[in-house]
Amino acid sequence: MPSFWDKLQVDGQDMSLYASIPQGSGPFPAVVVIQAAGGVNDFITTVSDRLAEEGYVAVAPDLFHRMTDPSVTDGITKAGQLSDPEIIADVNATVDFLRNHSAVDGERIGVTGFCMGGRVTWLAAATNPHFKAAAPYYGGNLMVPRGAADQSPFELTDGINCPILFHFGELDGNPSQEHMRTLDDELTRLGKPHQFYTYPGADHAFMDHTGARFHRESAETSWPRTLEFFAYHLKGVAAR
């Protein structure tokens, strides 16, 4: 299974991107993997590699590529400095990369992300028409615009045109269970197909096997659900 780092041009700047490609001949469906505040780290590259093992071209763009101040090293600080219009540009460039890649079926692209990446997953689904499935994990701050944006991802919900599979930790405060109900109500009001799961005993970041809040039972339950979701919507494989 080949994996590599590449660079894309976004607004005249280089953006690094981690890519993992399945064995065999394509074209394959693809999944954009959106980083958490830790960046495109071991957790994110592992998720990408696991998706490639399942037959997806998986790519993870570095959304921190515009941040060049060496004194800012904390991921939470970097995440707070992101601007939604720039995030959208980065996601769109990544989708264009996939749609023009010989190994990818450009009509079968999904997106998943974790923590800030869960927020970006919602934002991406609301602003890019090419996604066929979106699976955010514990995406918080959905009601808050970032940077130069004048609307939050939540306010852009009507733009979502693909099914949503959202994973929540029961103990998480952002997104909380109250947030979950608000999101559920809005998607239902707008007639957007969605599935929400809450994992008992799990906090924020429960999927990250490198972090202190890793919750093995929830990770091992949610991941097959994500794979089944993508298989159905990106491969046309019926749920078992």
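At a glance:
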{"item": "Residue within the stretch 173-184 that is surrounded by fewer than 23 Cβ atoms within 10 Å (Cβ to Cβ) and within 13 Å of the chain's Cα centre (by Cα) present", "result": "no"}
{"item": "Among (1) aliphatic (A, V, I, L, M); (2) under 24 Å from THR45 (Cα atoms); (3) out of contact with any strand residue (DSSP E or B) (no Cβ under 9 Å at 6 or more places or on another chain); (4) surrounded by 16 or more Cβ atoms within 10 Å (Cβ to Cβ), the one test that MET207 misses", "result": "(3)"}
{"item": "Condition met for PHE166 (within 18 Å of the chain's Cα centre (by Cα), more than 22 Å from ASP84 (Cα to Cα) and surrounded by 13 or more Cβ atoms within 10 Å (Cβ to Cβ))", "result": "no"}
{"item": "1 or more residues touching a Gly at 6+ places or on another chain (Cβ under 7 Å) and surrounded by fewer than 15 Cβ atoms within 10 Å (Cβ to Cβ): qualifying helices (runs of 4 or more DSSP H) within the stretch 66-154", "result": "84-99"}
{"item": "Output for the stretch 214-226, where each listed residue is surrounded by fewer than 17 Cβ atoms within 10 Å (Cβ to Cβ) and touching a Leu at 6+ places or on another chain (Cβ under 9 Å)", "result": "ARG225"}
{"item": "In the stretch 1-27, residue nearest to the chain's Cα centre (by Cα) [restricted to those that are more than 19 Å from ILE44 (Cβ to Cβ) and not in a loop (DSSP other than H, G, I, E, B)]", "result": "GLN9"}
{"item": "Single condition GLY80 does not satisfy, out of (1) of a type in the set (Gly, Ala, Ser); (2) modelled with pLDDT of 95 or more; (3) more than 15 Å from the chain's Cα centre (by Cα)", "result": "(2)"}
{"item": "Which numbered condition GLY201 fails, given (1) touching a Leu at 6+ places or on another chain (Cβ under 6 Å); (2) in a loop (DSSP other than H, G, I, E, B); (3) more than 24 Å from ASP84 (Cβ to Cβ)", "result": "(1)"}
{"item": "Candidates PHE206, PHE196 - the one that is in contact with a helix residue (DSSP H, G or I) (Cβ under 7 Å, 6 or more places away or on another chain), modelled with pLDDT of 95 or more and assigned to a strand (DSSP E or B)", "result": "PHE196"}
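Residues are listed down the side, and each one gets a yes or a no for (1) among the aliphatic types (A, V, I, L, M); (2) under 24 Å from PRO22 (Cα atoms); (3) in contact with a helix residue (DSSP H, G or I) (Cβ under 8 Å, 6 or more places away or on another chain):
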{"position": "ALA36", "(1), (2), (3)": "yes, yes, yes"}
{"position": "HIS65", "(1), (2), (3)": "no, no, yes"}
{"position": "ASP74", "(1), (2), (3)": "no, no, no"}
{"position": "LYS78", "(1), (2), (3)": "no, no, no"}
{"position": "SER83", "(1), (2), (3)": "no, no, no"}
{"position": "VAL91", "(1), (2), (3)": "yes, yes, yes"}
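The values are calculated or read from the model by the stated rules, or taken from the named source; none is laboratory data. Remember, predicted model here, so these are calculated numbers, not experimental data. A quick note on method: Cβ atoms are made from the backbone with ideal geometry, for glycine too, and the neighbour counts reach across all protein chains shown.
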